[in-house]
1. Based on this model, can you work out whether Tyr119 counts as over 25 Å from Arg207 (Cβ atoms), buried (at least 24 other Cβ atoms within 10 Å of the Cβ) and of a type in the set (Phe, Trp, Tyr)?
2. Quick one: which of Glu17, Glu5, Glu43 is more than 15 Å from the chain's Cα centre (by Cα), modelled with pLDDT of 95 or more and on the phi < 0 side of the Ramachandran plot?
3. Name, by its number, the condition in (1) surrounded by 14 or more Cβ atoms within 10 Å (Cβ to Cβ); (2) under 20 Å from the mean Cα position of the chain (by Cα) that does not hold for Val223.
4. Identify all residues within the range 205-217 that are surrounded by fewer than 11 Cβ atoms within 10 Å (Cβ to Cβ) and assigned to a helix (DSSP H, G or I); write none if there are none.
5. I'd like the full set of residues that are buried (at least 21 other Cβ atoms within 10 Å of the Cβ) and among the aromatic types (Phe, Trp, Tyr), limited to the range 55-89.
6. Give me the residue from the range 76-110 that is part of a loop (DSSP other than H, G, I, E, B) and either under 15 Å from the mean Cα position of the chain (by Cα) or among the basic types (Lys, Arg) (or both) and, out of that set, farthest from Arg233 (Cα to Cα).
7. Would you check which residues across the range 32-56 are in contact with a Gly (Cβ under 9 Å, 6 or more places away or on another chain), farther than 23 Å from Pro67 by Cβ, of a type outside the set (D, E, K, R) and part of a loop (DSSP other than H, G, I, E, B) and list them?
8. Taking only the range 125-170 into account, find how many residues are among the hydroxyl-bearing types (Ser, Thr, Tyr) and part of a loop (DSSP other than H, G, I, E, B).
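The values are calculated or read from the model by the stated rules, or taken from the named source; none is laboratory data. If you're wondering where the values come from, they're calculated on a predicted model, not measured in any experiment. A quick note on method: Cβ atoms are made from the backbone with ideal geometry, for glycine too, and the neighbour counts reach across all protein chains shown.
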Amino acid sequence: MSGSEMIPDYKKILIDEPRPMVRRITLNRPDKRNPLSNELRTELFHALETGDQDDSVRVMVIRGAGPCFSAGYDLQSDVRKEQPYYTAGGLGNWPRHVVEGFFRIWDLAKPVIAQVHGYCLAGGTELATACDLVYVAEDAKIGYPVVRSISPPDNQFYPWIVGLRRSMELMLTGDHMSGTEAAESGFANRAYAPEELEAATLAIAERVAMTPTDLQQINKRAVHRQMDAMGIRAGIRAGTEMQQLATYTETTQAHLGEIRKGLKQALTKRDEEFGDYRTQED
């Protein structure tokens with residue numbers, strides 16, 4: 001497989017090739033802060049897997065259109081329906097499904113780079129973390145505010161990526177990191193001024209693309225195998241039970257009821273005491 005003629009007409013993402021052997025995927029729901037609905041995720045995983053099989057592509061970049069990378073999963077949709085790949089049903093279907101997606105990206109042959117600006121929240125952080133390299137705008141806002149009202153992450157990546165103390169602080173407050181802090185903590189590789197982020201990300205992508213895929217896939221896998229040996233897959237999969245357990249708490253059930261009445265109002269109520277995210281904008 002090769003060539004752009006194999007790329008379908010996507011509705012929720014955009015595809016371009018801004019540099020030789022670099023394919024870029026843009027999450028394209030800017031009016032909603034690029035929520036990760038199953039429809040968008042289906043297109044995203046199709047694009048990633050198509051690029052992984054395309055001989056003209058050596059590296060892929062994921063970014064968001066408009067003011068941010070992604071503010072998370074689409075809470076106004078039923079995530080149990082039309083999932084982009086099969087995950088066994090029953091309790092914990094959604095967190096298990098999300099974790100499987102995380103490792104689907106990890107297990108691609110070709111490197112995937114996240115280019116993060118603006119909000120990178122909840123499911124957006126999970127998507128960025130699944131990428132092999134992460135480059136962020138210095139003023140990006142990266143966090144998991146869902147811990148305040150629903151549950152820990154579907155994908156328990158924080159302890160693996162930023163360590164015990166920083167992850168505990170993020171989990172117990174739901175606060176966000178700036179892009180600069182994210183780079184300092186190990187969540188991201190580097191932070192750049194917002195106007196420099198795209199050029200810097202593409203420059204890195206070009207350097208990554210200089211190594212042929214037959215060797216690069218082994219370089220990528222070598223790092224992941226070390227993480228496997230330390231137990232990352234078992235640890236993250238075990239976290240799906242914690243996420244499911246949290247949904248049965250009184251706090252979560254009450255918040256889900258508020259979401260059903262109105263998403264914006266529910267999120268405002270969640271964050272107004274903390275004075276951040278949506279309430280800071282208002």
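1. yes
2. After ruling out the rest, the residue left standing is Glu17.
3. If we test Val223 against (1) surrounded by 14 or more Cβ atoms within 10 Å (Cβ to Cβ); (2) under 20 Å from the mean Cα position of the chain (by Cα), just (1) comes out false.
4. Residues satisfying the conditions are Arg207, Asp214, Leu215.
5. Phe69, Tyr73
6. Lys81
7. Ser56
8. 3
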